[in-house]
1. Using only DSSP helix segments of four residues or longer, with each worth -39500 (n - 2.57), what per-residue ellipticity at 222 nm results for the chain after dividing by its residue count and rounding to 500?
2. Pull up all non-local amide H partners of residue 138: gap of 5 or more, or a different chain, and H-to-H distance under 5 Å with H placed in the peptide plane.
3. Please calculate the 1.4 Å probe accessible area of residue 231, with all protein chains present, and give it to the nearest 10 Å².
4. Check each of the trypsin sites (Lys or Arg not before Pro) in segment 181-248 and keep only those in coil by DSSP with at most 15 other C-beta atoms within 10 angstrom; list them in order.
5. Given the pairs 39/216; 80/168; 8/133; 6/133, which are separated by over 18 angstrom at their Cα positions?
6. Roughly how many whole Å is it from the C-alpha centroid of segment 68-104 to that of segment 107-138?
7. In whole Hz, what ³J(HN,Hα) sequence does segment 94-111 give by Karplus (6.51, -1.76, 1.60; θ = phi - 60°), x for Gly and Pro?
8. So how much accessible area does residue 63 have, in Å² to the nearest 10, using a 1.4 Å probe?
Amino acid sequence: MELTLKDKVALVSGAGRGIGRAIALELAKEGCKVVCVSKNIYSCGKVAEEINASGGTAEAVAFDVSSPAECKANCAEILKKYDTVDILINNAGITRDNLLMRMSDEEWDAVIATNLSSAFYLCRNLVRAMMGKRWGRIINIASVSGQAGNAGQANYSAAKAGMIGFTKTLARELAGRNITVNAVAPGFIETDMTAALPEAIMEAAKANIPLKRAGKPEDIANVCTYLASEESNYVTGQVIAVNGGLYM
Ligand code: NAP
């Protein structure tokens with residue numbers, strides 16, 4: 001299937017590495033102008049350079065998506081330059097794992113702010129422009145942890161479950177303006193985030209996956225690219241699990 005995406009403006013948060021990087025590269029391949037956002041200019045800058053070097057169009061903008069003030073200021077600059085953002089991918093995320101009894105306020109707050117509040121801040125600043133264009137795509141990266149829970153991740157699974165409720169509500173609020181809002185829930189994907197897990201945990205996780213392997217960032221990017229395209233126009237308010245069958 002040919003996807004219709006050419007010349008759309010896409011903002012990908014957490015585009016510096018892993019899943020966000022793969023999404024940025026794939027959207028650029030389909031002809032989007034990609035705004036690559038990450039915390040560190042070196043990581044999103046490298047991805048934007050990679051896209052531009054291969055004939056695509058990208059720009060790197062580094063800011064902290066957990067800060068409402070930084071989101072407001074940077075979104076205003078981005079809108080001034082591009083007029084709108086057609087496709088918003090809320091992908092930036094961190095883990096601060098701990099069992100409930102040992103979890104600090106800082107671990108809780110950092111994960112909620114980065115993985116959930118960031119999506120609220122970016123949507124609040126960008127949705128008006130999408131509404132004006134009567135076209136938009138919002139894709140929120142959730143997680144199997146938000147669907148099934150995961151011991152040691154009370155903060156992370158609460159944020160990701162929150163992302164699912166946020167997705168469904170925005171889908172209802174924005175449908176009348178032809179803006180679709182969906183969540184993608186990855187299982188275990190090979191990135192820096194999972195590289196930090198002990199080998200034994202990764203091996204045990206893989207043994208539980210019906211497809212018997214971890215996913216690749218491109219597996220998530222392919223689904224996001226479809227959801228970002230014109231061809232997904234009747235899909236909204238959904239959670240698409242991309243997890244090798246780990247949770248059905
Ligand atoms: P990753 O490799 O650790 O990359 C995370 C990206 O998010 C980086 O580019 C990082 O920026 C950016 N980021 C983190 N905090 C930020 C902040 N405050 N402001 C701006 N950017 C920030 O992670 P990943 O594995 O690709 O995960 C991407 C998303 O998928 C996350 O939401 C994660 O929860 C979700 N997910 C991942 C898996 C998995 O198995 N990997 C499974 C389910 C869901 P810098 O590059 O500048 O540091």
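The values are calculated or read from the model by the stated rules, or taken from the named source; none is laboratory data. Keep in mind that what you see is a predicted model, and the values were worked out from it rather than measured. We place every Cβ from the backbone using ideal geometry, glycine too, and count neighbours over all the protein chains shown. The protein model used for the area step is the full one, side chains on, heavy atoms only, and it has no ligands, DNA or RNA in it. Shrake-Rupley method; radii C 1.70, N 1.55, O 1.52, S 1.80 Å.
1. Working: 10 runs with 115 residues, N = 248.
So the helix-based figure for the chain works out to -14000 deg cm²/dmol.
2. Those lying under 5 Å, H to H, from residue 138 are 88, 180, 181, 182.
3. 60 Å²
4. Numbers: sites: 206, 212, 213; in loops: 212, 213.
Within segment 181-248, the qualifying trypsin sites (Lys or Arg not before Pro) (loop, at most 15 other Cβ atoms within 10 Å) are 212, 213.
5. Details: 39/216 22 Å; 80/168 29 Å; 8/133 12 Å; 6/133 16 Å.
Checking Cα-Cα distances, 39/216; 80/168 exceed 18 Å.
6. 7 Å
7. My calculation for segment 94-111 gives 9, 10, 9, 6, 5, 5, 3, 5, 9, 6, 8, 4, 5, 5, 5, 5, 4, 6 Hz in order.
8. 10 Å²
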